[in-house]
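Notes for the one structure printed next.
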Amino acid sequence: MPEYYVGLMSGTSMDGIDAALVDFSNSRIKLVASHLKLWPDQVSEEIIATYQLSDDDLTTIDQLDVSVGEIFADATNELLDKAGIKASDVIAIGSHGQTIRHRPDLPNPFSLQIGNAKTISKLTGIDVVSDFRTADIQAGGEGAPLAPAFHNAVFRHPEENRTVLNIGGIANFTVLPADDTQAVIGFDSGPGNTIMDAWTLQHRNEAYDKDGSWAAAGNINTVLLDKLLEDEYFSRPAPKSTGFEYFNRTWLESHLEEDLSADDIQATLSELTARSIADAIKRYNANSRILVCGGGYHNRHLIGRLKSHLPDNTIESTAEYGVHPDWVEAMAFAWLARQTVNGYPGNLPSVTGASTATLLGKITAA
């Protein structure tokens, strides 16, 4: 008998809501159906506008929270229609939500995702597990990244070291040693697509640099690259996490002094992502097979630059190991929902820095 869960994920790239229907029956993890729900322009603009709000002003976004919940519900219902599966056959939805603020660095740390769980459960008729990050933060952790626990369950192999690299708006990776007595390590290495996307939107009025073709046409400015890589975040030891609050266009512009062409800056930003990822992998899991997922996998220029910095590593798509790169994170939140429903911890303290493994998320009944 199928054991269906839905995972919903929208990341910092804001390219849409990834919805995945996953079957966990018979001790397997199988992607049954997937669906990308694009953000309506108005809602997308409203979400982006919240990035400018102060922490104290975040209490004003109640209506946006409901609107986002409605769109997450639509994504779920469209997914189930596509799959021909009834809502009553789904045990729960794991909803990551849309991150509005991630501040584990504050004296009173918090991470805020919107996408009202009550709205989702009401409009789908399915129990919803949400607010995954808070329990980890309350246990002293960063609240992110959370996908490494799923990576550990799906991709770890007893005969080879592996690194699972997710290139979304922010890049993060998971170190999976072959030796199961060694702890899993995972953290945000720095910017993935987020600054490249912002620069592309500003100068070309396009959401992203398709295939990295614009970056490939420019020249890397090594002076600017070195200046960007001097940021203390890159040398800070794990555990650590970051987001658009830190790595954004304002951060970039604070480092721009020379009169550089937009093309060359885009080329340098692509190299920044490749170098910061490669440097982190060399530091933590140099001798490993690298499995790549996330939207950045489709950026051929970026992957080419990454391979040039890691010539001794095999770099492949997670598709070669049974999971399409576009759906890994949505599947991870289906898995995390299942952990919560069954009373199992969902975090890895060795990744987030939490004091203990803990049950994540809150269940909202339909």
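Extension gain, Ser213-His157: 0.36 nm per intervening residue step, less the Cα-Cα distance, totals 16.7 nm.
For the range 122-212, just say rounded, prolate or oblate: build the C-alpha gyration tensor, square-root its eigenvalues into a ≥ b ≥ c, call rounded for a/c under 1.5, and beyond that prolate if a/b exceeds b/c, oblate if not. Walk me through the numbers on the way to the answer.
Values: a/c = 2.06, a/b = 1.28, b/c = 1.61.
Oblate, because a/c is 1.5 or more while a/b does not exceed b/c.
Put a dot 7 Å past the Cα of Leu225, heading toward its Cβ, do the same for Tyr344, and the two dots end up 4.3 nm apart.
Residues in the range 48-64 carry Karplus couplings, in order, of 4, 5, 5, 5, 8, 6, 6, 4, 5, 8, 5, 6, 8, 9, 4, 5, 5 Hz; the curve used is 6.51 cos²θ - 1.76 cosθ + 1.60 with θ = phi - 60°, and Gly or Pro positions show x. Rounded to the nearest 500, the helix-only mean residue ellipticity at 222 nm of the chain stands at -11000 deg cm²/dmol, with each DSSP H run of n ≥ 4 adding -39,500 (n - 2.57).
Here's the list of lysines a cross-link from Lys240 could span, going by alpha-carbon distance under 19 Å and ignoring same-chain residues fewer than 8 apart: Lys282. The relative contact order of the range 234-366, computed from alpha carbon pairs under 8 Å that lie at least 6 residues apart in sequence, is 20 percent. Between helix 194-204 and the chain there is an angle of about 70 degrees, using the helix long axis and the longest principal axis of the Cα atoms. Here the 3J(HN,Hα) profile of the range 326-341, calculated from phi with Karplus coefficients 6.51, -1.76 and 1.60 at θ = phi - 60°, is 6, 10, 4, 5, 4, 5, 4, 7, 5, 5, 5, 4, 4, 4, 5, 4 Hz, Gly and Pro shown as x.
Amide H contacts of Arg289 (H built 1.01 Å from N, in plane; Pro and chain starts excluded): Asn161, Arg162, Thr163 sit under 5 Å, all sequence-distant by 5 or more or on other chains.
When the chain is treated as a GNM with alpha-carbon contacts under 10 Å, the residue of Ser34, Ser67, Ser54 showing the greatest mean-square fluctuation is Ser54. A simple spin-label model places the labels of Lys118 and Asp105 3.4 nm from each other, with each point 7 Å out along Cα-to-Cβ. Taking the structure as given and computing Kirkwood radius over Cα pairs in Å, which label from [x] 25.0; [y] 20.7; [z] 24.3 fits? Correct label is [y].
Quick one: of Lys82/Lys362; Lys30/Lys362; Lys30/Lys118; Lys86/Lys122, which pairs are farther than 19 Å apart, Cα to Cα?
Values: Lys82/Lys362 27 Å; Lys30/Lys362 24 Å; Lys30/Lys118 27 Å; Lys86/Lys122 15 Å.
In this structure, Lys82/Lys362; Lys30/Lys362; Lys30/Lys118 exceed 19 Å between Cα atoms.
Every read-out reported here was derived from the displayed coordinates using simple, explicitly stated rules and does not represent laboratory data. Bear in mind that the values here come from a model prediction, so they are computed numbers and not experimental data. Glycine also receives a Cβ, built like all others from the backbone with ideal geometry; neighbour counts cover every protein chain displayed.
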